[in-house]
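Presented below is the structure to which this report refers.
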Amino acid sequence: MDFVKEWVANEDDLIREGASLGALLARMKDVFHPLLFSRGEYQRLIKLASGLPPTLAGFPLWIGFPIDNSPPGLLLDVSVLSGTRSAQIFEDMDLVSTAGVVPLLRQIGSEQSSLKRIVGNRVLLQYEIPAGQPAKQGLLLYPEQTMLAANGSDEGHQNFGIALHALADAAGQTLNAAEHQQLEHAWLALDAGTRVGVIGVFPQQRLRVTRLVMLGLSSVADVVAFLDRVGWTGKSALVAATLQRLDALGALAGMTFGVQLDLHAEGMAPVIELQVFSAETIYDPTGWFKDKHCWTALLNGLAAGSLLVPDKLAELTRWSMGTRTLIGRSGLLLLLQRIHHFALAFGSDGEIKYVNAHVFMLLNQWSKKSNGSTS
C-alpha cells in the first residue's frame, strides 16, 4: 500500500487547482473522447461534482460509462477518507446534498469503532446519472476483504448487521422487518469463498434500496448458482448461455466476478449487474497501477461477441494504458488512468441491458518519484 500512498496527491495542491471537483473535471473534459463520454452527461457530472471539494481528485475515483450501444449514462464514485482535509471540508460544509457522509466519517474516525474495524477509513459517494433521468446519489462502504466473508462463522454475519445499521442510521432510515428479511436472505445465499464486497444506500430516493455487491464468484457456474440461491426471478439460463459464449471465446480467463443486487422491502430489483474483475488486480494492493495487459482477453472476447462498439474499444484501450501530463496552476499534474472493472447488466428476460467500463483515475502533482512509479 506504500506505493498507493505515494500517488495520493497533496490536498493543498488540489485546492489551488480548482474551487471544486466539478471545476477540475471541467478542465479535464478533453481527456475523454466523446465516444466514451456523452458531452451532455459529462456536463451533468460536472454540475453534480461542483458541490464536492477538489481534494477528492487526489484520492481514488471511478467513472463508469457504456461501451456498447446502450443509452449514454455515467456513474461516479469518489472516496472520502477520515482524517483528511477532504473529510474536514465535508464536516464544515454539512450539506444536505451529501447528508450521511459526516456521521459515517465520525464513526470510522474513531479507533474504538466497530465500523472502522469492518470497513476501514473510507466512505464512497456514488452518483448515478442515467440518460434522460434524474441522478441518484448513494453512500457506499467497502468492507475489508475478510470482514464480511461467508466462512461458516458468525462473525461475518454480525459484521454485516453492524455495517447495514450504520449506513441506515447515517441515511436517517430504520430498516423494517421486510427489508431485514430480504437482506438476510441475500446473506444466506453466499457460499464458501464469497463475501459482501460493497454495501450502499440511496438516502434521497422514494423507494428505499440497499445495494449489495457479492464478490468472490470464480466461474460461470458459480454466478448462475448464486442467482438461483438468492432467488433472482430472471431467466438465469439465458445469462448462463451468454457467459458461456464469452467463456468459449476466452474472454473470462483470469477473471473473477461480483453480482450487484438492489434490494427493497418488496424484493429484488429485476436488473442485476455482473461485475467482472481481473483476478490479477483485485487481490493485489498495487494491482490497479500495473494492469496494462490483463484486460486484453476480455476486451477481445467482448468484441468477438459483438457486445461492444469497436471504436469505443479502441479509444478505451488508448485511454487506459498510462498516465497523462496536464498543465496545472501550480505546475505539472499527472493523471493516472487505468481500467478498474467491467459490468454487464441483465434484465429479467435474461438479455443484456448494457455493458459498462469502469475506469480508475487519480490526479497527482508531478514529481520524479511519482513519474518513476508508473513506468
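The values are calculated or read from the model by the stated rules, or taken from the named source; none is laboratory data. Values in this document were obtained by computation on a predicted structure and should not be read as measured data. Every residue, glycine as well, gets a Cβ built from its backbone with ideal geometry; the counts of neighbours run over all protein chains shown. Note: accessible area is taken over every heavy atom of the protein model, side chains too, but ligands, DNA and RNA are not part of it. Shrake-Rupley method; radii C 1.70, N 1.55, O 1.52, S 1.80 Å.
Every listed requirement among (1) under 30 Å from L313 (Cβ atoms); (2) open to solvent by 10 Å² or more (accessible area, probe 1.4 Å); (3) touching a Gly at 6+ places or on another chain (Cβ under 6 Å) is met by S50 save one, (1).
Checked against the criteria, L274 counts as touching a residue at least 12 places away in the same chain (Cβ under 8 Å), among the hydrophobic types (A, V, I, L, M, F, W, C) and under 30 Å from Q173 (Cβ atoms). Determine, yes or no, whether V355 is more than 20 Å from the chain's Cα centre (by Cα), open to solvent by less than 50 Å² (accessible area, probe 1.4 Å) and of a type in the set (V, I, T). Here the answer is no, as V355 does not meet what is asked. Restricting segment 32-46 to residues that are of a type outside the set (A, V, I, L, M) and touching a residue at least 12 places away in the same chain (Cβ under 8 Å) leaves a set whose member that is surrounded by the fewest Cβ atoms within 10 Å (Cβ to Cβ) is G40. Contact map, segment 169-180: first residue open to solvent by less than 70 Å² (accessible area, probe 1.4 Å), second residue assigned to a helix (DSSP H, G or I), Cβ cut-off under 7 Å, separation 6 or more or different chains; pairs are A170/P103; A170/L104; L175/L164; L175/A168. Of everything listed in (1) β-branched (V, I, T); (2) open to solvent by less than 10 Å² (accessible area, probe 1.4 Å); (3) more than 17 Å from L139 (Cα to Cα), the single unmet condition for T242 is (2). Within segment 252-268, the set of residues being at pLDDT 95 or above and part of a loop (DSSP other than H, G, I, E, B) comprises L252 only. Of all residue pairs spaced 6 or more apart or on separate chains, those with beta-carbon atoms under 9 Å, a first member in segment 130-153 that is assigned to a strand (DSSP E or B) and a second member that is open to solvent by 40 Å² or more (accessible area, probe 1.4 Å) and among the charged types (D, E, K, R) are L141/R122; A149/E155. Of the listed requirements (1) buried (at least 18 other Cβ atoms within 10 Å of the Cβ); (2) more than 22 Å from L139 (Cα to Cα); (3) at pLDDT below 95, V230 misses just one: (3).
Considering segment 34-56, and only residues there that are among the hydroxyl-bearing types (S, T, Y) and in a loop (DSSP other than H, G, I, E, B), the residue that is nearest to I15 (Cα to Cα) turns out to be S50.
Apart from one condition, I129 fits all of (1) farther than 30 Å from P72 by Cα; (2) at pLDDT below 95; the exception is (1). Can you find a residue in segment 111-125 that is under 21 Å from G193 (Cβ atoms) and in contact with a strand residue (DSSP E or B) (Cβ under 6 Å, 6 or more places away or on another chain)? Within segment 111-125, one or more residues are under 21 Å from G193 (Cβ atoms) and in contact with a strand residue (DSSP E or B) (Cβ under 6 Å, 6 or more places away or on another chain). The single condition from (1) over 20 Å from the mean Cα position of the chain (by Cα); (2) buried (at least 16 other Cβ atoms within 10 Å of the Cβ); (3) of a type in the set (V, I, T) that T256 fails is (1).
Has segment 94-114 got any residue that is surrounded by fewer than 17 Cβ atoms within 10 Å (Cβ to Cβ), of a type in the set (V, I, T), free of Cβ contacts under 8 Å to residues at least 24 places away in the same chain and in a helix (DSSP H, G or I)? For segment 94-114, residues surrounded by fewer than 17 Cβ atoms within 10 Å (Cβ to Cβ), of a type in the set (V, I, T), free of Cβ contacts under 8 Å to residues at least 24 places away in the same chain and in a helix (DSSP H, G or I): present. Scanning segment 300-341 for residues that are closer than 14 Å to M255 by Cα and open to solvent by less than 10 Å² (accessible area, probe 1.4 Å) gives G301, L302, I339.
Output the residues belonging to segment 53-93 that are in contact (Cβ under 8 Å) with a residue 60 or more places away in the chain and of a type in the set (S, T, N, Q). Within segment 53-93, N69, S70, T84, S86 qualify. Restricting attention to segment 181-200, the residues that are assigned to a strand (DSSP E or B) and either within 12 Å of G231 (Cα to Cα) or open to solvent by 20 Å² or more (accessible area, probe 1.4 Å) (or both) add up to 1. For Q126, the requirement of being of a type outside the set (G, A, S), outside any helix (DSSP H, G or I) and in contact (Cβ under 8 Å) with a residue 40 or more places away in the chain is met.
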